[in-house]
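In what follows, a structure is listed as structure tokens, so that the remarks can point back to it.
The values are calculated or read from the model by the stated rules, or taken from the named source; none is laboratory data. All figures in this text were calculated on a predicted structure; none of them were measured in a lab. Every residue, glycine among them, receives a Cβ derived from its backbone with ideal geometry; neighbour counts consider all protein chains shown.
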Amino acid sequence: MGVAIDVQGAQMLRREIYARPAVSRADLTRLLDLGRAAGESAPPEFNDLLSQVAIDLLVEQVDPPKYIKDADADWFIAQMRAGDGLGRAGEYEMLTDVLRFAVSTPSQLAAFAVAEMEKRLTGAGDVRAVTDADVEALRVAVFATTEGSSLHVTRDSAEALFRIAHATKDAGNAASFDDFFAKAVGNYLMGIAFRWTPRASDEVAMEKWLDEKPEGFGAFIGRMLHPDFSRNVGVDEMDEARAKAENAADARERAGAEVVDSTEADWLLAHVTRDGGLTSGEVKLLEFLKRESPSISPKLQGLIDRNAA
């Protein structure tokens, strides 16, 4: 028997799926198929269920929790591509929610999300204005956390943002887009890959120790931090020491990354000059670099002097 995709149908599906101990891949593929058939007529209750099932399957029902596995990311991308990419607002919300709740996201899933969001805004010549909701979705995808490399924008994402900015410059974008664009591309040029996200193996080891409290605690601490640490170091001390080491490494790396060198200047000039005049987001980017970078290549300095307040 088919299920009507209305409020009552969504509630019935929720009861059916969550009557079992765990959600399954079959549950998510079924919801994706039903949603595609319903299109934008699917009610918010159905879209909320789609997001929750995706989060539970990919983010919560894994070990360690909130670390999306590469194989699951590949499977998830394949399911979305089976419908010729994302086609409904509910599917974009689902993907954004999965990225938002994950502690570690495989790079291919974040890249897929950015590409789909670009296609939604500029695809097939059907350009539309970037809304505040689009900016938030892009922010989640572009700054998706990854294991051992968090909050760093990739070159592919930065170039996608340039394409979006140029395609939509006359579309009446939300004011928030220019600020986001400047900070995201500025992050690519000047930012570093913060080490805030622990490795999945470290999380599993910590959970195992907390559950079992085995003998040989000192050996565990040694693996987590440094072979010279005492057998009597506690978990809080371990976390504090690791954080200090990571912060010191970040500070050293940041000092070099904040310099906009000749190679980065060439890349930036190729993007901001390709269509003639600067977009409003590009002006904000130049202002951001002028304000934040301690050293800018002379190749770029003239353009900044002419355009940045």
remark   = Filtering the range 258-276 down to residues that are part of a helix (DSSP H, G or I) and more than 24 Å from Ala175 (Cβ to Cβ) yields Ser262, Thr263, Glu264, Ala265, Asp266, Trp267, Leu269, Ala270
message = When you check Thr29 against the structure, is it surrounded by fewer than 19 Cβ atoms within 10 Å (Cβ to Cβ), out of contact with any Cys (no Cβ under 7 Å at 6 or more places or on another chain) and either among the polar types (S, T, N, Q) or under 24 Å from Ala158 (Cβ atoms) (or both), yes or no?
response = yes
ask   = Out of all the residues in the range 87-127, which are surrounded by 19 or more Cβ atoms within 10 Å (Cβ to Cβ) and part of a loop (DSSP other than H, G, I, E, B)?
value = Arg88, Ala102, Val103, Thr105, Pro106
inquiry  = For the range 139-153: of the residues being among the β-branched types (Val, Ile, Thr) and farther than 23 Å from Val283 by Cβ, which is modelled with the highest pLDDT?
reply    = Val140
note = Given the conditions (1) loosely packed, with under 13 Cβ neighbours inside 10 Å; (2) touching a strand residue (DSSP E or B) at 6+ places or on another chain (Cβ under 9 Å), every one holds for Val59 apart from (1)
query = When the range 13-31 is examined, which residues are found to be part of a helix (DSSP H, G or I) and farther than 21 Å from Glu93 by Cα?
reply = Arg15, Glu16
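Look through the range 277-309, keep the residues that are of a type in the set (Ser, Thr, Tyr) and assigned to a loop (DSSP other than H, G, I, E, B), and return whichever of them is surrounded by the fewest Cβ atoms within 10 Å (Cβ to Cβ).
Quick first cut of the range 277-309, residues of a type in the set (Ser, Thr, Tyr) only: 279-280, 293, 295, 297.
Now restrict to residues that are assigned to a loop (DSSP other than H, G, I, E, B): 279, 293, 295, 297.
Working: Thr279: 20, Ser293: 19, Ser295: 9, Ser297: 17.
Residue satisfying both the conditions and the ranking: Ser295.
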task = Could you grab me the full set of residues in the range 170-211 that are at pLDDT below 95, buried (at least 18 other Cβ atoms within 10 Å of the Cβ) and not in a helix (DSSP H, G or I)?
result = Gly191, Ile192, Phe194, Arg195, Thr197, Pro198
ask   = Conditions: (1) at pLDDT below 85; (2) crowded, with 20+ Cβ neighbours inside 10 Å; (3) more than 18 Å from Val98 (Cα to Cα). Val130 meets all but one. Number of the miss?
value = (1)
